[in-house]
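Only one structure is covered here, and it is reproduced in the block below.
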Amino acid sequence: MLITALIAAVVSIAAGACIRAWAFAIFAFIVAIGFGGVVFVDGSSAVAAIGSGIAILVLMEIGYLTSVFLSGLLRRNARLRASNSADSVSAASERQKG
C-alpha cells in the first residue's frame, strides 16, 4: 500500500508540470477505480475498497495541485529573472550612450 501511494504521488507530481487538469482528472479516476478493484479482489470489503480508491484519488489530486502550483511559481520566477536581467542590460547601455 505504501509503495502504491508513493508511486501515485510521484506520478501526480510529474503530471502536474506536464498535462492539463481534465486529462489528469480522467487518469486519476481510472487509477482510483483500478486500485479499488484490486483491493476488492484481494478480499477486502466493498467499503474498504471504495475507501482505498478515494484515498488514492485524494493523494493524487493533492500531488497534482502541489505540482501545478510549484511549477507555475518556478516559471513566474524565471520570467521575472529574465525580464530583470534584460532591464538591467538596457539600463546599462542607456548610461553608456548618455
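Coordinate-derived values only; no laboratory data. The shown structure was predicted, so the numbers you read here are calculated from the model rather than taken from an experiment. Note that each Cβ is placed from the backbone with ideal geometry, even for glycine, and that neighbours are counted across all protein chains shown.
Miscellaneous remarks
- Mean Cβ neighbour count within 10 Å, used as a protection proxy, ranking 7-13, 41-47 highest first: 7-13, 41-47
- Take the Cα of THR66, step 7 Å toward its Cβ, do the same at VAL10, and the gap between the two points is 1.5 nm.
- Along principal axes, Cα extents of the chain, largest first, whole Å: 80, 24, 14
- Relative contact order, percent, the stretch 2-97 [alpha-carbon distance under 8 Å, six or more residues apart]: 37 percent
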